[in-house]
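Everything below concerns the one structure shown next.
The values are calculated or read from the model by the stated rules, or taken from the named source; none is laboratory data. Quantities reported herein were computed from a predicted structural model and do not represent experimental measurements. Virtual Cβ from ideal backbone geometry, glycine too; neighbours counted across all protein chains shown. Ligands, DNA and RNA are stripped out before the accessible areas are found, and what is left, the full protein with its side chains, is counted by its heavy atoms. Shrake-Rupley method; radii C 1.70, N 1.55, O 1.52, S 1.80 Å.
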Amino acid sequence: MSATIDIVKAEITRNALGSAAEEMHDTLVRSAYNPLIFDVKDFGVAICSADGKLWAEAPGLPVFLGTLPATVRTINDKWGPDGLRDGDVIICNDPYLTGTHLSDVAISLPVFHRGRLVAFTTCMAHWADIGSASAGGWSTASTEIFQEGLRFTNQRIFLAGEANRDLLDLIEANVRVPETVLGDLHAQVATCRTGAERVRSICERYGADTVVELMDHVIASTERSLRAAITALPDGVYHRAARLDFDGVDRDYEPVISTHVTVAGDRLSVSFTGTSGQAPGPINIGRPAVLSSVATAVKGILDPLGRTNDAHMLISDIEWPAEPTIVTPEEPAPCDSYGYANVTITELVAYVLGRLTPDRGRASSYQMWAQYFLCTNAPAERRFVLAEPVQGGHGAFPGHDGATLVYMGDGDTWNTPVELLEARYPLICEQFSLNAGSAGAGEFRGGMGVRRDFRVLQENSMIKTALESTKDPLSLGLAGGGTGRASHGEITYPDGHVDVHHERLGDYPVPVGAVVGVRTGGGGGYGRPFDRDPERVAADVRDELVTPLEAREVYGVALLPGRLRDAWLVDHEETARLRGRE
């Protein structure tokens, strides 16, 4: 690196690449076929250096942002410095290379400038189907990766700009909704080409050597800033673990993810000593996704507003278990339900760091929930696969209640709009509201979970649910705050019978007229509930988020009915007595 760096050029280049990544984001949203991509935004985009350093990204799933650079490095491992040509497009979804699961397909394009490989543009998106034994992917009970779908290990799906027809035909013949899948694939290719054009224009402006040098400077500067932030933390070893409900296969296996965060000077390391061995079921998670899960928590606490680059990904030293575990699985272990571990790792590390940074720390959030509605036993024109992540409550933090409608650990993931869902699928959304009483109590309460009810209109329909951490909720409070309520599901059958389930379901048939109910959990509270402003408690009761009895028993706030219906008023004298402050 040159001894003299033009910091103005460095900032221009950093932001130009960031803008290029944002344009990639917009290209994918505007051209994708699947609502899970264009509305829910279950994807990530990135621009990496030729050797796989993260240069820029756009809002997307945090877990993808760390896995994409790792995926690019595996492309180099396979093809070598001279094995790629201008116009090649690479496809990869192998969990042992990407870290996630087969449904998350990475498309990468090597960017050449004047004959030299200077960068990769890459995006990862969740496909509607991947040809697995369980329609739509996200198996609840697979026992080996071979049951989980088509597996790509950095094949060239375009060669020097020409489509690899054989590979495209193979995909088309092995997925249940080929029009959607191929449409999304080509949208990803267009996304990478958009980014490549912008990277080449930056190289034309400053020269490829200068761009590489400037971005090395940006990454080094970010690392220095992060090291300073780590130095400000108290040295020590901090531990938190969580027990998962079930791996989907073995009832005698008790999955535990254990984290030990060590702060020593300007070094931060995370070990997983005490984590359970490799799971028989699909809750295993690949190393790149583990690294990204840790990076999400570290960046969120230490540098929440900075543009992400490679320094954020590699600032934490990971001490990997030597033996196969949930976080270090070995082929052919199943990984299709890796998301539970992804969220758990992020929440465990964030909770530890939150206790060390009282001004930035927050209580923990609910475990992810997602459900699939699908019908594959039907003529082609009536088949459908709908993957629907449903948000819940975020943890509270000093001065603020937790956010509602957050999908953990993917804060940029949205829900499918009711209007779109009803227009494209044989479903009616009969309710979409807040899940009263789900939030952890505190001076600042957790975010609320939601209630979402779907009536099924088509025969031969099935559901599949992603549901975890109901026995040992992740959503712990902080500084005296309460724990958020765990998620659960409900099925109301046409005869009125109601089944309540606290465990995920896989490919479960539901009749026409049944109502599938989602009840997601809330976030943890921050601070003692008796320290909450009584007027805020009264407002929560008026908004039907808390009952008058909960206001009294949990928050020590007595209420009086006002003149208008539901116009509750604070009884300050009785409240003072309840709180022991007379």
Give the carbon-plus-sulfur fraction of the accessible surface of the chain in %, rounded to a whole number; probe 1.4 Å, heavy atoms of protein chains only.
50
222 nm mean residue ellipticity, helices alone, for the chain (DSSP H n ≥ 4; -39,500 (n - 2.57); rounded to 500)
-10000 deg cm²/dmol
Where does each of 123-132, 378-387, 140-149 land if you order them by average Cβ count within 10 Å, highest first?
123-132, 140-149, 378-387
Long-range lysine pairs (8 or more apart or interchain), the chain, Cα under 26 Å:
7
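Treat every Asp and Glu Cβ in the chain as -1 and every Lys and Arg Cβ as +1, leave all other atoms uncharged, and give the resulting dipole magnitude about the Cα centre to the nearest 20 debye.
On the way: 52 positive and 78 negative charges, 187 e Å.
Computed charge dipole of the chain: roughly 900 debye.
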I want the local charge near residue 376. Using Cβ-Cβ distances under 9 Å, sum +1 for each Lys or Arg and -1 for each Asp or Glu among the other residues.
+1
Contact order relative to length of the range 29-133, as percent, for alpha carbon pairs under 8 angstrom and 6 or more apart:
29
Report, in debye and to the nearest 20, how large the dipole of the range 198-324 comes out about its Cα centre when Lys and Arg carry +1 and Asp and Glu carry -1 on their Cβ.
440
Dipole of the chain, positive direction: furthest Cα of 475, 304, 501, with charges on the beta-carbon:
304
Compute the Kirkwood hydrodynamic radius of the chain, taking the inverse of the mean of 1/r over all pairs of distinct Cα atoms, and give it in Å to one decimal.
24.7
For the chain, whose charge dipole is built from +1 on Lys and Arg Cβ atoms and -1 on Asp and Glu Cβ atoms, the candidate among 337, 374, 55 with its Cα farthest towards the positive end is 55
Roughly how many Å² is the accessible area per residue of the chain, as a whole number, for a 1.4 Å probe?
38
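Taking the Cα centre of the range 1-144 as the origin, how large is its charge dipole in debye, to the nearest 20, when only Lys and Arg (+1) and Asp and Glu (-1) carry charge on their Cβ atoms? Intermediate values should be presented prior to the final figure.
Numbers: 10 positive and 17 negative charges, 74 e Å.
It works out to roughly 360 debye.
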